[in-house]
Amino acid sequence: MTAIPMTTYCVLRRGLATRAYQETNAYRRRTLQDRILRVDHAGEFGADRIYAGQMAVLGNTNVGPVIKEMWEQEKEHLQKFEELLPKYRARPSLLLPVWNVAGFVLGAGTALLGKEAAMACTVAVEEVIANHYNNQIRDLMADDPVQNKELLDTIKKFRDDEVHHHDTGLAHDALKAPFYKYLSQTIKAGCIGAVWLAERL
């Protein structure tokens, strides 16, 4: 019988140990938390840039204070996720430079079409994000509501803030934006694609 080289044995043993760990609840929770924190940090970073773009165009108009109030909440969200990333040893998205430019361009671009289009952008983005947060809440609850309490409390609060932003946009004539239906559908599709990418990269 041929003996197994020590190097091969160590590699096989390490592989089996890694596979065993990957099948544990701890590994699955760690993977879930990492994905959630990465995409949520990227999302709040993008939202911060969207509102920055809107403020650059509409800051001195009658909707400036409304946009600024929502922007301040997004800054709080971003700061919280920047605190949670190292705490949970989660990796930030590799595409932050893309979200930086894309978010500002989206915010400023829709604002240039008028305050109604800016609010339509807010409604579309916040609808996608609120639904995304609801999905995460379900995933965290299914995993372990006790172990995930901090993330659940954070995401629930931020979800409620996003719903408020959505409703604020509707109250400020988002539906009167030119080509509202097509504008909304395009922005939503872009947000969904961005979420998919940020979860993975």
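The values are calculated or read from the model by the stated rules, or taken from the named source; none is laboratory data. What you see is a predicted model; the values in this text were computed from it and never measured. When we count neighbours, we look across all protein chains shown, and the Cβ atoms used for this are built from the backbone with ideal geometry, even at glycine. Accessible surface is based on the protein model in full, side chains and every heavy atom, while ligands, DNA and RNA are left aside. Shrake-Rupley method; radii C 1.70, N 1.55, O 1.52, S 1.80 Å.
Select from segment 61-78 the residues that are open to solvent by 10 Å² or more (accessible area, probe 1.4 Å), in contact with a helix residue (DSSP H, G or I) (Cβ under 7 Å, 6 or more places away or on another chain) and assigned to a helix (DSSP H, G or I) and list them in ascending order.
To start, the set of residues in segment 61-78 that are open to solvent by 10 Å² or more (accessible area, probe 1.4 Å) comprises 61-62, 65-66, 68-69, 71-73, 75-76, 78.
Subsequent filtering for residues that are in contact with a helix residue (DSSP H, G or I) (Cβ under 7 Å, 6 or more places away or on another chain) retains 61, 66, 68, 71, 73, 75, 78.
Of everything in segment 61-78, those that are open to solvent by 10 Å² or more (accessible area, probe 1.4 Å), in contact with a helix residue (DSSP H, G or I) (Cβ under 7 Å, 6 or more places away or on another chain) and assigned to a helix (DSSP H, G or I) turn out to be Val66, Lys68, Trp71, Gln73, Lys75, Leu78.
Report, by residue number, each residue of segment 161-182 that is charged (D, E, K, R) and more than 14 Å from the chain's Cα centre (by Cα). I'd like the intermediate steps shown before the answer.
Filtering segment 161-182 down to residues charged (D, E, K, R) leaves 161-162, 167, 173, 176, 181.
Of everything in segment 161-182, those that are charged (D, E, K, R) and more than 14 Å from the chain's Cα centre (by Cα) turn out to be Asp167, Asp173, Lys176, Lys181.
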Looking only at segment 142-169, and only at residues there that are in contact with a helix residue (DSSP H, G or I) (Cβ under 7 Å, 6 or more places away or on another chain) and open to solvent by 70 Å² or more (accessible area, probe 1.4 Å), the one that is nearest to Arg30 (Cα to Cα): Gln147
Condition check for Leu201: under 22 Å from Phe81 (Cα atoms), in contact (Cβ under 8 Å) with a residue 24 or more places away in the chain and either out of contact with any helix residue (DSSP H, G or I) (no Cβ under 7 Å at 6 or more places or on another chain) or not β-branched (Val, Ile, Thr) (or both): yes
Condition broken by Gln185, with the remaining ones in (1) under 18 Å from the mean Cα position of the chain (by Cα); (2) farther than 14 Å from Val39 by Cα; (3) open to solvent by 60 Å² or more (accessible area, probe 1.4 Å); (4) not aliphatic (A, V, I, L, M) satisfied: (1)
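Consider Leu58 carefully, then state whether it is under 15 Å from the mean Cα position of the chain (by Cα), surrounded by 13 or more Cβ atoms within 10 Å (Cβ to Cβ) and either more than 26 Å from Met119 (Cα to Cα) or in contact (Cβ under 8 Å) with a residue 12 or more places away in the chain (or both).
Numbers: under 15 Å from the mean Cα position of the chain (by Cα): no; surrounded by 13 or more Cβ atoms within 10 Å (Cβ to Cβ): yes; either more than 26 Å from Met119 (Cα to Cα) or in contact (Cβ under 8 Å) with a residue 12 or more places away in the chain (or both): yes.
When the stated conditions are applied, Leu58 does not pass them.
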Within segment 73-88, considering residues that are without any contact (Cβ under 8 Å) to a residue 40 or more places away in the chain and over 14 Å from the mean Cα position of the chain (by Cα), the one farthest from Arg29 (Cα to Cα): Glu83
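Answer with yes or no whether Ile192 is β-branched (Val, Ile, Thr), open to solvent by 30 Å² or more (accessible area, probe 1.4 Å) and within 15 Å of Asp40 (Cα to Cα).
On the way: β-branched (Val, Ile, Thr): yes; open to solvent by 30 Å² or more (accessible area, probe 1.4 Å): yes; within 15 Å of Asp40 (Cα to Cα): yes.
Here the answer is yes, as Ile192 does meet what is asked.
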So Gly15, is it more than 21 Å from Glu162 (Cβ to Cβ) and either modelled with pLDDT under 95 or in a helix (DSSP H, G or I) (or both): yes
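Tally up the residues in segment 89-117 that are more than 18 Å from the chain's Cα centre (by Cα) and either free of Cβ contacts under 8 Å to residues at least 12 places away in the same chain or not in a loop (DSSP other than H, G, I, E, B) (or both), please.
The number of residues fulfilling the criteria is 8.
Table: residues versus (1) at pLDDT 95 or above; (2) closer than 18 Å to Gln73 by Cβ; (3) of a type in the set (S, T, N, Q).
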site	(1), (2), (3)
Arg91	no, no, no
Gly107	yes, yes, no
Glu116	yes, no, no
Asn131	yes, no, yes
Leu152	yes, no, no
Lys157	yes, yes, no
Val163	yes, yes, no
Leu170	yes, yes, no
Single condition Gly53 does not satisfy, out of (1) open to solvent by 10 Å² or more (accessible area, probe 1.4 Å); (2) of a type outside the set (Ser, Thr, Tyr); (3) over 28 Å from Arg138 (Cα atoms); (4) touching a residue at least 12 places away in the same chain (Cβ under 8 Å): (1)
